Amino acid sequence: MGHADGMEPHLCQVTPTMLAALGVPGFTRTLELPEASRACVLLIDGLGWDLLAEHADCAPVLHSLRAQRLSVGYPATTAAGLAAVGTGVPSGEHGMAGYSFAVPGTGVVNALRWCRHPDGEDLTEQLRPEDVQPRATTFERAAAAGVATRVVSSAQFARSSLTRAVLRGGRYVGVHAIGDLAAEVLEALRPPRAFVYGYHSDLDLVGHLYGPGSGAWRMQLRQVDRLVESVVDGLPAGAVLAIVADHGMVRVEETIDLDDEPRLRAGVRAFGGEVRARHVYPEPGAEADVLAAWREVLGDRGWVCSRDEAIAEGWFGPHVDERVRPRIGDVVAAARGTVGLVRSGAEPRETALAGQHGSFTAAERYVPMAVADTTG
């Protein structure tokens, strides 16, 4: 199927490159970023490369910056993208294998809400985030090297389990709107050796609700561009800023309802993933039948393969840790075109969304790395 990222520049390379540019030992510069004394990654959730190019008129500042295209790997979703930034490795190694995924001994876990998927009890006490993602984060490694490290994001996420899993290590600065996000990012860049991660979620939210490219989405992109302009204009000397994203987005135009299709449910004990990228967990012994049924029903509407095939083809990166393998479905299905693999009964909230992401299409998989710096 040829979906492996190969030598494509990858989102997981951004923070290691930045820390190498700051002179932190143990990191290598593999992307084109200048040496700096201050560095900031600003992640705009849902800002796809194709979407930015198509709507450049709404983002003149972003469009004016030098940029390169990055792959976010698979799945093209927030939990995996934030983990790539926070760990510096692809999903097969950091293990945040989707919006939701099975954890042995626990069941299917929603990685954003850290509850039993889709709307079960909170799992923070019985499933420690540090055990689900045990690698030292890029923020922990930066702080240990004496770098002033800050995570500037919504105050509501300050103590979330996903934050603990993939963003731990930097001092968390909780913000409430675009204005204090810009102000706190610039404040965090003031120390002479600073590493800052900023996060803005509303473009993704508006894309989900109204669809990418909708009037509301374009208006939100204009606000994002003002945010970027504010940060660029305020950069202190010796700073590099990289604006990136965790995924793009497509508008779903055709749905296949897993809750209303007996052939896709037969022999299945649990579903994970999301509308564009499904983990399918069959009953023991039913794996071959489930794989065959999914291939037959989806046909050319999705890429469907076994766990071993997906790993061999590099869907989750060049290496998959043994602790991560059971989180990947025995059958893995990625939607083609504008198809959505919905669950109207079990996931009504997710099913109702106009915009979706997770799969391999260029609109979902590729994001920009737009760079501004004051190092010259």
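The values are calculated or read from the model by the stated rules, or taken from the named source; none is laboratory data. Every value quoted in this text rests on a predicted model; they were computed, and no experiment measured them. Cβ sites come from the backbone with ideal geometry, for glycine too, and all protein chains shown count toward neighbours.
Structural remarks
- Unique match (being under 20 Å from residue 78 (Cα atoms), touching a Pro at 6+ places or on another chain (Cβ under 8 Å) and hydrophobic (A, V, I, L, M, F, W, C)) among 316, 271: 316
- Among the residues of region 319-353, those identified as among the small types (Gly, Ala, Ser) and surrounded by fewer than 18 Cβ atoms within 10 Å (Cβ to Cβ) are 337, 344, 345, 346, 352.
- Residue 281 meets each of the listed conditions (1) over 24 Å from residue 350 (Cβ atoms); (2) in contact with a Lys or Arg (Cβ under 8 Å, 6 or more places away or on another chain) apart from (1).
- Candidates 301, 307, filtered to the one that is surrounded by fewer than 19 Cβ atoms within 10 Å (Cβ to Cβ) and among the basic types (Lys, Arg): 301
- Only residues that are outside any loop (DSSP other than H, G, I, E, B) and over 17 Å from residue 129 (Cα atoms) were counted across region 169-180, and they come to 7.
- Selection count where residues are in a loop (DSSP other than H, G, I, E, B), under 27 Å from residue 253 (Cα atoms) and under 18 Å from the mean Cα position of the chain (by Cα), scope region 315-352: 3
- Residue among 69, 38 that is among the charged types (D, E, K, R), modelled with pLDDT of 95 or more and under 21 Å from residue 181 (Cβ atoms): 38
- Residues of region 353-376 that are β-branched (Val, Ile, Thr), farther than 16 Å from residue 77 by Cβ and not in a loop (DSSP other than H, G, I, E, B): 371 alone.
- Wholly within region 70-168, helices (runs of 4 or more DSSP H) carrying at least 2 residues that are surrounded by 23 or more Cβ atoms within 10 Å (Cβ to Cβ) and in contact (Cβ under 8 Å) with a residue 40 or more places away in the chain: 78-87, 91-94, 138-144, 161-166
- Listed by first and then second residue, the pairs with beta-carbon distance under 6 Å, at least 6 apart or on different chains, first residue in region 310-339 and among the acidic types (Asp, Glu), second at pLDDT below 95, are 313/1; 313/4.
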